[in-house]
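Everything below concerns the one structure shown next.
No value in this document is a laboratory result; all are computed from the given coordinates. Quantities reported herein were computed from a predicted structural model and do not represent experimental measurements. Methodologically, a virtual Cβ is constructed for each residue, glycine included, from the backbone with ideal geometry; neighbour enumeration extends over all protein chains shown.
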Amino acid sequence: MSGPATEDRELRALTRSIEWIDGTAFFFVVVEDRSQRELILRRIQQELPTRRIRLVSVTRTTSNLLDQLRTLPPFNQRDALFVVGLENTIRNQEDTSAPIIRNLNASRDLFRTIFNGPIVFLVSPPVLVAIAAGAPDFFSTRSGVYDLKVEWEPAALAPRIRLHELLSTLEGADTSDAERRERIGMLRESTMWLRGHGADLAYFEAADRAITLFVRAGEWQAARQLAIEALATSDSQAPRHALRFLLHLARIALLNDQYDEAQDRLRRAAVITDETGDMSARAEIFELMAASYWNSGNPSATEEALRNVIELSERQGDYGRLAHALRNMGFLYSERKDIRRAVDTLRRAIYEARKTGDEALAAEIASSTSAILHRAGFSIEAEEQLRAGIAILERIGDAQRLAACYGELGQILTDRGDLDQAEEAYGHALAEADRAPFPPSFRLPFMFGLFRIAVERGAVAAAFRSLQDAQTLVMEGLALEQTPEAQERLATAKKYIDEAMPQIEAATKADEP
């Protein structure tokens with residue numbers, strides 16, 4: 001039978017192990033309820049005043065914890081690393097084949113190369129069972145299991161449980177606009193409750209996730225207000241969290257074309273990275289600075305910021321960020337008409353993207369490189385680059401991007417006069433479009449491409465059929481696609497068809513025997 005005395009013994013045993021351990025060791029703390037995590041962490045921190053608690057949150061997309069640790073600022077010998085959120089990727093105790101479990105078992109001995117100290121996992125009982133069964137090599141090496149419980153006042157428990165439920169619901173499922181607004185309001189109340197009751201760690205985590213949700217939902221004012229409140233709470237006591245909310249505010253300012261405010265927030269964030277040595281955050285600051293400078297019409301400052309991103313990403317081995325920075329630098333060179341430099345930079349970006357396994361990004365950059373080459377008059381090289389992107393997309397089965405790339409290939413080939421190959425490319429584009437429920441307007445460029453080929457060949461009847469097919473798609477789209485952008489796009493297409501149709505009809509009649 002457990003009680004306060006047992007819980008105190010468990011806590012003392014855990015804190016002694018954390019304090020005295022020499023080298024890498026893994027400890028598992030069983031937490032029945034996720035909402036208890038804040039108090040457990042606070043009590044451990046009180047018992048270990050000389051240790052710095054470093055917290056890592058595992059998200060639903062995390063498949064390799066070791067890779068996530070590599071992105072963090074350097075550790076020191078007095079750090080204690082706490083890992084939370086494994087229940088986001090390990091669904092139940094039967095989920096022993098989850099990617100994160102397989103990677104834990106395979107990379108046990110590599111942890112000490114990154115963090116030579118105590119690593120504490122706060123887990124639910126089902127997650128503990130899944131790790132023990134699915135990663136026995138990892139679980140049995142210098143490990144201990146502790147069962148800590150913290151008594152909560154009933155009034156304090158309900159808002160935390162509701163908070164986690166709201167976050168999970170909003171992050172994991174589509175909701176109507178009315179439901180989303182209602183849940184966002186409830187989420188805001190819950191985060192404010194945490195703030196008012198001094199649960200800072202839970203408040204900062206909840207505010208961070210809530211701001212991301214607000215931005216995704218287009219609720220920018222609510223996101224900005226919450227970020228300002230969280231920043232005011234974190235500024236004086238938690239520089240790491242203050243950095244997080246400054247970056248949120250910079251992104252929100254960029255979304256609203258408020259470049260001076262974005263740059264001011266980013267400069268304040270850079271001062272914090274000077275103090276904390278967080279080079280990953282510093283690279284992100286330069287990344288956002290580059291976007292701000294570019295959108296405000298300052299290409300030289302954009303280039304300098306991107307060079308900083310590239311240098312920091314190379315130093316940290318952050319190849320995903322490096323690929324994005326190289327892509328943007330390639331676009332900058334393209335705008336300056338420095339085509340060869342642009343293409344060389346973009347080809348390196350493709351290489352870095354593929355190194356990380358991000359095939360979709362590699363294909364996107366290949367398509368952009370092709371467009372740059374095509375505009376510059378290098379048709380053969382543009383085709384080669386685009387076919388390389390198509391090969392990647394065929395492997396990963398991205399029908400939408402594949403259709404678009406085949407459409408771009410059709411345009412390149414038509415411009416060059418290779419009409420048979422162009423017709424084949426547009427046929428592939430329409431076939432890929434048919435594989436997914438794309439709106440009618442998505443197919444229109446391919447229909448107009450076939451119309452252009454028929455006109456180039458002088459095949460009047462084929463041109464007439466293509467224009468009729470396009471007209472049918474436009475009428476379907478006007479009835480189905482109600483967004484202003486789609487309606488404008490369809491109206492433009494309809495005007496083009498209305499102007500071309502009489503001439504094609506007249507030519508068709510003249511061509512008849």
Exercise for review: Provide the net charge surrounding Asp95, with neighbours chosen by a C-beta distance below 15 Å and charges set as Lys +1, Arg +1, Asp -1, Glu -1.
Suggested key: +1
Review point. How about the range 39-100: which GluC sites (Glu not before Pro) there are in a DSSP loop, with at most 13 other Cβ atoms within 10 Å of their Cβ?
Key: Glu94
Check your understanding: Let a ≥ b ≥ c be the square roots of the eigenvalues of the Cα gyration tensor of the range 392-513; is it rounded (a/c under 1.5), or, if not, prolate (a/b larger than b/c) or oblate?
Key -> oblate
Point to revise | DSSP-loop trypsin sites (Lys or Arg not before Pro) across the range 323-358, with at most 15 other Cβ within 10 angstrom | key: Arg336, Lys337
Exercise for review: Please work out the C-alpha center-to-center distance from the range 42-92 to the range 98-128 and express it in whole Å.
Suggested key: 10
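What are the trypsin sites (Lys or Arg not before Pro) within the range 391-444 that DSSP puts in a loop, where the Cβ has at most 14 other Cβ atoms within 10 Å? Present the calculation step by step, with values, prior to reporting the outcome.
Working: sites: Arg395, Arg401, Arg416, Arg435, Arg443; in loops: Arg435.
Passing sites in the range 391-444 are Arg435.
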Practice item. Whole Å is fine, so just give me how far the alpha carbon centre of the range 386-450 lies from that of the range 287-336. Key: 30
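Going by the alpha-carbon gyration tensor, a ≥ b ≥ c the square roots of its eigenvalues, is the range 243-308 rounded (a/c under 1.5) or, if a/c is not under 1.5, prolate (a/b greater than b/c) versus oblate? Walk me through the intermediate numbers first.
Values: a/c = 2.33, a/b = 1.27, b/c = 1.84.
Since a/c reaches 1.5 but b/c is at least a/b, the shape of the range 243-308 is classed as oblate.
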Point to revise | Prolate/oblate/rounded label for the range 312-365 (Cα gyration tensor, a/c 1.5) | key: oblate
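Sorted by mean Cβ packing within 10 Å, highest first, what order do the peptides 109-115, 366-372, 131-137 take?
Per-residue mean Cβ counts within 10 Å order the peptides as 366-372, 131-137, 109-115.
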